[in-house]
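The values are calculated or read from the model by the stated rules, or taken from the named source; none is laboratory data. The model shown is predicted, which means the values in this text are computed figures rather than measured ones. Virtual Cβ from ideal backbone geometry, glycine too; neighbours counted across all protein chains shown.
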Amino acid sequence: MHADIQAILIDRDSIAERIEVLAGQMERDLRSRAGGGQLTLLPIMTGSVVFVADLMRHLPIPFRIEPVRARSYVGATTVPNQPVKVEGLDWDSLKGNHVVILDDVLDSGKTLASLRRMAEDAGAASVMACVLLRKETAPDVPCEYIGFDIPDEFVVGYGLDYDGLYRNLPDIGILRPEIYHG
C-alpha cells in the first residue's frame, strides 16, 4: 500500500467485477433502445479515464465516445463557479443520440445534473448517467448506474486524484487527512 493511503476502500478485483456487471446492465438497457439513435458515451475527464477504459472493453455494442472536461471549480478554490463550464464537445453531435454520461464520483451532483440538462437541451433521444462511486452525502441526483456507494471520504486511485497525483494506484484508497489538510 502507498504510504499516503490510510486504507484500501475498494480493491482492484472488486472494481473489475463490478464494472463487468455495470456493463452488462447497460448493454441490456441500451439494446432495448436500439430502435432509434446512436449511443454516445460522454466521459467526464480526467478522473473517469481509467473507469471508462475498463467499462468500454465490456460493452459489446457500437458506440461513439466524446470525452469532455467539466469544471464547477476554478483553480484551488472550493467555491463553485456558476454555471458548470464544459469544454470539448459539439453539443449538436448529441441530437437524436442515446447519451450515457460517465463520471468517477457523484459528490455534489452539480456537474452531473448540469451535463444531463445540457444533453437534453441539445436534443439527445435519452440521457442516462453512470458513476463509479456515489458518496453517501450525494443529493438525489438521478443516476441510473452506480458502481459503489461509499462513505464521505477523500478517495484516490483508479483514476481519482488529489492535486493531480495518485491516479495510477490500482485500488481505491482513502487518502491520509494530513496529505490534503497540510
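Please enumerate the residues belonging to the stretch 160-174 that are in contact with an Asp or Glu (Cβ under 6 Å, 6 or more places away or on another chain) and either within 22 Å of Val52 (Cβ to Cβ) or free of Cβ contacts under 8 Å to residues at least 12 places away in the same chain (or both). Write out each step before concluding.
From the stretch 160-174, those in contact with an Asp or Glu (Cβ under 6 Å, 6 or more places away or on another chain) are 160, 167, 171, 174; that's our starting set.
Result: Leu160, Arg167, Asp171.
Tell me which residues, restricted to the stretch 1-42, are within 15 Å of the chain's Cα centre (by Cα) and within 24 Å of Leu175 (Cα to Cα).
Ile15, Arg18, Ile19
Suppose we filter Tyr145, Tyr180, Tyr166, Tyr158 for residues that are over 13 Å from the mean Cα position of the chain (by Cα) and crowded, with 17+ Cβ neighbours inside 10 Å; which single one remains? Reasoning before the result, please.
Details: Tyr145 fails: over 13 Å from the mean Cα position of the chain (by Cα); Tyr180 fails: crowded, with 17+ Cβ neighbours inside 10 Å; Tyr158 fails: over 13 Å from the mean Cα position of the chain (by Cα).
The unique qualifying residue is Tyr166.
Kindly provide the set of residues from the stretch 1-45 that are at pLDDT 90 or above and assigned to a loop (DSSP other than H, G, I, E, B), ordered by number.
Answer for the stretch 1-45, where residues must be at pLDDT 90 or above and assigned to a loop (DSSP other than H, G, I, E, B): Ala3, Asp4, Asp11.
Counting residues that are modelled with pLDDT of 90 or more and among the aromatic types (Phe, Trp, Tyr), which strands (runs of 3 or more DSSP E) fully inside the stretch 66-182 reach at least 2?
Counting at least 2 such residues, we get 145-150.
For the stretch 146-156, indicate whether the set of residues that are in contact with a Gly (Cβ under 7 Å, 6 or more places away or on another chain), touching a residue at least 12 places away in the same chain (Cβ under 8 Å) and under 15 Å from Ile5 (Cα atoms) is non-empty.
yes
Residue by residue through the stretch 9-31, note down the ones that are surrounded by 17 or more Cβ atoms within 10 Å (Cβ to Cβ) and more than 30 Å from His98 (Cα to Cα).
Leu9, Ile10
Leu59 - would you say it is modelled with pLDDT of 95 or more, surrounded by 13 or more Cβ atoms within 10 Å (Cβ to Cβ) and within 25 Å of Pro170 (Cβ to Cβ)?
Against the criterion (modelled with pLDDT of 95 or more, surrounded by 13 or more Cβ atoms within 10 Å (Cβ to Cβ) and within 25 Å of Pro170 (Cβ to Cβ)), Leu59 does not qualify.
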